[in-house]
Amino acid sequence: MILSVQDVVKTYGDYLAVNHVSLDMQKGCVFGMLGPNGAGKTSLIRMITTITAPDSGVIYLDGQKLHARSPEQIGYMPEERGLYKKMKVGEQLLYLAQLKGLTKAQALQEIDHWLTKFNIKDWWDKKVEDLSKGMQQKIQFIATVLHKPKLLILDEPFTGLDPINTTLIKDEIAQLNASGISIIFSTHRMEQVEEMCDHIVLINKGKNVLYGEVSAIKNEYKKNLFQIETPDPMPADLSERFVLLRAEKNTHTFQLSDEFMSNDLLKLLLQKGIRITRFEEILPTFNEIFIQRVAETEAG
Amino acid sequence: MSKLSLIIRREYITRVRKKSFIIGTLLAPVGLLVYMLVIIGLSSYQGGDEIKVAVLDEARMVNPLPDEQGVRFIPSGSKTLEQLKTEVTEKKLNGVLRIPALGNFKQKEHTIFYYSDDKLAPEKSKLIEKRIAQKIREFKMDSLQMDAAQLKLLESDVSIDPEGIKSEQDGQSKYTAGVGLAVGGIMTFLLFFMVLMYGQMVMKSVMEEKTNRIVEVMMSSVRPFDLMMGKIIGAGLVGLTQVVAWVVLSGAVSFLVPLVMGFNAPSMQDSMAAAGDANVDPAMIQDTGMRIMAELSNQNWPLLIGAFIVYFLGGYFIYASMFAAVGSAMGDDLGEGQALTLPATLPLILAFYIVSMAGWRNPDSGLMVFSSIFPLFSPIAMPFRLAFNPPWWQVALSLALVVASAVFFVWLAGRIYRVGILMYGKKVTLKEMWKWTFYKG
């Protein structure tokens, strides 16, 4: 277990930001933290990164309670990006790496590795304010991973990046994960979660309202929707047995009562000689799950 | 290297490398250098530009006149005024000085005539007038058969020697008060200026971090308290560096320039005096100068310097931490948050005002005693009073309170800072800031 959050509570004055949240994260996972603005994601992240301390509850990092040197094992890229504008790139990366516990020699080695990897070695002497926003974010990313953290926490990492740089960073994240680094993504962009995460936690109003493996959750929330693509018209008598939800051009969406009926539908269509170009189960998007779950928790 | 040291180092190097710091540090010594060169230049210039003046002493009152600086007096001998004027035209002389006989001994005003087409420089003119007046005085004394020695007895030089009733005040002279004021005044001004300037530097640095949004990245690596202390200590070291540089460079300039230019202190004093007022006797200046030097060396320098350092550190930590707390609440809210800076700047300005208005009149007044003990004012007020030997118990109490207050304010600021730096968008009031001290960590 890389991270264990146990019954954590955080209040700011009278405001209850985090309300008895618990979650466990296995090593090597890519964990998605979802939730609307003001849900408590950032407050929770700040407790994990030791920026603030919980009012009650405990957080364990790699089996140990959080302590003064825990930040050296965590890399955190906050949503509010920021670097010292007037400092030079090389100097700043060195400073930030040393604050994470690296020696000067180690830091220089890592900086060289990353600048070479991104092909930006000539940026060493450039002031951060002279770089474009996208370039600054690359530097910020490097600063986050420079000290080879065990746990990487990325808050909205792709905001403001163009498609090329987004792909670049995604690839880097995948590589880091492949090398054993555990990753937490915090975002309200659900489609990113579906692409990259294997586990998620859904936070709403300071509470953990949904938590588990992505595929398991999707299965739990699926509605037995099946989509068929065919150039041929649908037989009229189909709707007696199978509920047709939508028909757009060549795409027909059916809601079946249980998953075994999908084979029956397929058999029937084949019998009728319908040409099938695509047949797939439509799993719910996290957007849909999210909305449903929030409604459930607010009602219940 | 510990994280705190890394932060201090970064804060220090970033500021010391700035052009504004380098220029500001060099400004004082360069200014002093220019001033000294001008003074020396002026005096050398005077020395080189000598004029030859023939003295037509019609009543034989003044000749022979000794040469002055820049003026060679040549007795006219048997030559007439017209002959002398011709010599001026032929450039053999610069001018002719005609001294008519005294019409009336009792008359104070006496006119002498200078014939030349070149304008006589004001300081040479004054010099000549002074020398002639002196000579005429001697002539009158001789004519009236007055005893020069007896006349000198009439002069008295009065000076007040302060004597204590309860305490020993031996060794004091009329210069004590003046020198005390000067020393105290300089320390007060320096402290006020340094604390205000470097305190505000801390505030701006804190605000910059909020505006840059780097705060959260920093917070995930270091404790807020360490970041705040790193800034305060770093900026303080920059301030000390600047003061030390000023003292060393200015001292070097004062010592080397006269050496290089082949000048010695007394004659430079003369030229500085001549530049000011030719009526002042250089001998008197030397005497006063030496008395002042003696008075300065009488000052209890170890105590003064030690106290200066303690009050600078104490006052700086009190105010810099207040500025850090205010800066953390303001962030990018530059315009509207100005009111928040008042609790930090007002006491400092008030202290300076009290010392400059009331302190110099009476260093031991009730107001000054209070101000030198109350910890928000004492870093400015007590160093001033130290030049006047205040009671030791007041000094001890003041020092203890300053140190305790510094610790308290640093702690308080730390509590406010750790909440403030992560707070964005909300308009902050002092009441809000006070609440933050009670937020859990």
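Quick notes on this one:
- Residue satisfying condition, being more than 14 Å from chain A (Cβ to nearest Cβ), over 30 Å from residue B:306 (Cα atoms) and out of contact with any strand residue (DSSP E or B) (no Cβ under 7 Å at 6 or more places or on another chain), within set B:414, B:327, B:420, B:366: B:327
- Exclusive hit being within 14 Å of chain A (Cβ to nearest Cβ) and within 34 Å of the chain's Cα centre (by Cα), set B:207, B:228: B:207
- Members of the range B:128-163 found to be of a type in the set (A, V, I, L, M) and either over 40 Å from the mean Cα position of the chain (by Cα) or under 26 Å from residue B:104 (Cβ atoms) (or both), listed by number: B:128, B:132, B:133, B:136, B:141, B:144, B:146, B:148, B:149, B:151, B:154
- Residue A:96 meets all of the listed conditions (1) at the interface with another protein chain (Cβ under 10 Å from one of its Cβ atoms); (2) of a type outside the set (Ser, Thr, Tyr); (3) free of Cβ contacts under 8 Å to residues at least 60 places away in the same chain; (4) farther than 24 Å from residue B:6 by Cα but one, namely (4).
- Against the list (1) free of Cβ contacts under 8 Å to residues at least 24 places away in the same chain; (2) not in a helix (DSSP H, G or I), the condition residue A:263 fails is (2).
- Looking across B:216, B:208, one residue alone is among the acidic types (Asp, Glu), part of a helix (DSSP H, G or I) and buried (at least 19 other Cβ atoms within 10 Å of the Cβ). It is B:216.
- Residues of the range B:55-74 satisfying the condition of being surrounded by fewer than 18 Cβ atoms within 10 Å (Cβ to Cβ) and either touching a Cys at 6+ places or on another chain (Cβ under 8 Å) or within 19 Å of residue B:120 (Cα to Cα) (or both): B:66, B:67, B:68, B:69, B:70, B:72
- Test: residue in the range A:289-299 that is small (Gly, Ala, Ser), closer than 24 Å to residue A:44 by Cα and assigned by TED's automatic domain parsing to the domain that holds residue A:42: no
- Members of the range A:55-70 that are modelled with pLDDT of 90 or more and facing another protein chain (nearest Cβ under 9 Å): A:55
Matching residues to (1) at pLDDT 90 or above; (2) of a type in the set (Phe, Trp, Tyr); (3) touching a strand residue (DSSP E or B) at 6+ places or on another chain (Cβ under 9 Å):
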site: A:97; (1), (2), (3): yes, no, no
site: A:115; (1), (2), (3): yes, no, no
site: A:134; (1), (2), (3): no, no, no
site: A:139; (1), (2), (3): yes, no, no
site: A:142; (1), (2), (3): yes, no, no
site: A:156; (1), (2), (3): no, no, yes
site: A:175; (1), (2), (3): yes, no, no
site: A:178; (1), (2), (3): yes, no, no
site: A:183; (1), (2), (3): yes, no, yes
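- On inspection, residue A:208 qualifies as part of a strand (DSSP E or B), in the same structural domain as residue A:163 (by TED's automatic domain parsing) and polar (S, T, N, Q).
- Residue A:26 passes every criterion in (1) buried (at least 21 other Cβ atoms within 10 Å of the Cβ); (2) closer than 29 Å to residue A:285 by Cβ; (3) more than 8 Å from chain B (Cβ to nearest Cβ); (4) at pLDDT 90 or above apart from (1).
- Checked against (1) more than 8 Å from chain B (Cβ to nearest Cβ); (2) in contact (Cβ under 8 Å) with a residue 12 or more places away in the chain; (3) surrounded by fewer than 22 Cβ atoms within 10 Å (Cβ to Cβ); (4) not aromatic (Phe, Trp, Tyr), residue A:39 passes all but a single condition, namely (3).
- Here residue A:32 meets each of (1) crowded, with 22+ Cβ neighbours inside 10 Å; (2) in contact with a Gly (Cβ under 9 Å, 6 or more places away or on another chain); (3) not aliphatic (A, V, I, L, M) with one exception, condition (2).
- Any hit, the range A:10-17, residues being at positive phi and away from every other protein chain (no Cβ under 14 Å): no
- Filtering the range A:99-110 to residues that are in a helix (DSSP H, G or I) and more than 10 Å from chain B (Cβ to nearest Cβ) leaves A:105, A:106, A:107, A:108, A:109, A:110.
- Considered as a group, the residues in the range A:71-93 that are at the interface with chain B (Cβ under 8 Å from one of its Cβ atoms) and more than 16 Å from residue A:145 (Cα to Cα) include one that is nearest to the chain's Cα centre (by Cα), and that residue is A:80.
The values are calculated or read from the model by the stated rules, or taken from the named source; none is laboratory data. As the structure is a prediction and not an experimental result, all values here were calculated from the model. Quick reminder, even Gly has a Cβ in these numbers, built from the backbone with ideal geometry, and neighbours come from all protein chains shown.
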